[in-house]
1. Subtract the Cα-Cα distance of ASN286 and ILE165 from 0.36 nm times their separation in residues, and report this length gain in nm to one decimal.
2. Which residues does a label at ASN236 reach in region 164-203, if reach means a backbone N under 17 Å from a point 7 Å past the Cα toward the Cβ?
3. On full extension of the chain, what length is gained from ILE158 through LYS267, given 0.36 nm per residue of separation minus the C-alpha to C-alpha distance?
4. Going by amide H atoms built from the backbone, whose H comes under 5 Å of the H on LEU266, apart from near neighbours?
5. Accessible area per residue of region 154-285 at 1.4 Å probe, in Å²?
6. Carbon and sulfur atoms: what percent of the 1.4 Å accessible area of region 248-321 do they account for?
7. Under the Karplus relation 6.51 cos²θ - 1.76 cosθ + 1.60, θ = phi - 60°, what is the ordered set of whole-Hz ³J(HN,Hα) values for region 211-219, x standing for Gly and Pro?
8. Show me, for region 109-125, the HN-Hα J-couplings you get by feeding each phi into the Karplus relation (A = 6.51, B = -1.76, C = 1.60, θ = phi - 60°), rounded to Hz, glycine and proline as x.
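The values are calculated or read from the model by the stated rules, or taken from the named source; none is laboratory data. On a predicted model such as this, the values are computed, not experimentally measured, just so you know. Cβ placement follows ideal geometry from the backbone for every residue including glycine, while neighbour counts extend to all protein chains displayed. These accessible areas exclude ligands, DNA and RNA; they are computed on the full protein's heavy atoms, side chains included. Shrake-Rupley method; radii C 1.70, N 1.55, O 1.52, S 1.80 Å.
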Amino acid sequence: MSEQPHEPEGAIAGTGMGGAMDLATSEATTLEGTPGGPEGRPRSLWSDAWRDLRRNPVFVLSALFIVFLVVISVRPSLIASGNPLTCDLAKAQDGPRPGHPFGFDGQGCDVYTRTVYGARTSVTVGVCATLGVALLGSVLGGLAGFFGGVGDSVLSRITDIFFAIPVVLGGLVLLSVVTSNTVWPVIGFMVLLGWPQISRIARGSVITARQNDYVQAARALGASHSRILLRHIAPNAVAPVIVVATIALGTYIALEATLSYLGVGLKPPSVSWGIDISAASPYVRNAPHALLWPSGALAVTVLAFIMLGDAVRDALDPKLR
């Protein structure tokens with residue numbers, strides 16, 4: 001009885017064309033068990049988006065700047081040791097000097113310190129307004145799109161009314177009667193006029209997602225409305241909301257500065273880029289530095305959030321793949 005030859009570790013697999021392909025046992029096992037990629041995990045929209053974002057220099061640069069902005073908003077004393085409310089009229093409109101690289105404004109306040117501390121107001125207003133708008137708009141729009149009927153029709157008519165209100169004019173009317181000197185009236189106004197946009201986007205996303213086969217299968221299996229909405233529809237309908245909210249964050253920062261510039265947003269002694277721009281405008285010829293630095297900080301911040309939103313949109317849009 002002849003002895004069968006011993007099979008080597010590298011198996012010889014026929015190619016179907018008269019040739020052979022040398023496969024090691026471990027390689028063959030790997031090829032058979034990679035449904036989602038080389039790491040054995042299934043790929044998803046979010047994993048693909050994160051991979052693209054990490055390779056996008058626009059996202060990396062804008063994200064690094066935003067992280068820096070958040071850090072100095074939480075701890076402005078890390079890079080500015082002075083007090084933004086300490087002023088000396090003897091130094092009014094003076095230019096840069098050692099220890100005061102941005103010079104002084106019309107009241108003798110250090111422009112560098114006020115520019116650093118002004119980031120706290122802008123970040124607070126932008127983040128809180130965006131979270132409020134996204135939460136309120138997503139809930140109302142998602143429920144209207146999922147259940148439809150009379151509630152959907154009423155919500156559509158309400159959003160049409162809010163879209164007809166000019167934002168700046170509405171701010172002039174509503175905030176002119178507010179006496180509070182905190183950021184919360186400004187945030188409340190932005191949420192009041194900003195939720196209809198997110199609501200309409202969330203409604204359209206939910207209507208599109210609820211027509212998919214996996215939703216119909218979950219409904220046929222007896223899943224409750226809350227489970228279908230939270231487990232199956234929301235994760236697949238939230239991407240457009242995230243994109244619009246990210247871009248809108250920069251818009252809310254610019255809107256706060258605009259309202260403060262017009263005198264109906266934040267008011268002194270609050271520290272805001274809009275307040276500093278308004279105060280420096282009358283003597284821009286004598287002390288342009290007092291206007292340049294807060295204006296530049298505002299422009300770069302808004303641009304960073306817009307660039308971040310554009311990068312997120314490109315990563316989450318399947319049509320661009």
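1. Working it through step by step, the gained length comes to 39.7 nm.
2. 202-203
3. Values: separation 109, 0.36 × 109 = 39.24 nm, distance 3.17 nm.
Length gained between ILE158 and LYS267: 36.1 nm.
4. The answer is SER260.
5. 50 Å²
6. Taking all protein chains in place, region 248-321 shows 68 percent carbon and sulfur surface.
7. 8, 6, 5, 5, 6, 5, 5, 5, 5
8. 8, 6, 5, 4, 5, 5, 5, 5, 6, x, 5, 4, 5, 5, 5, 4, 5
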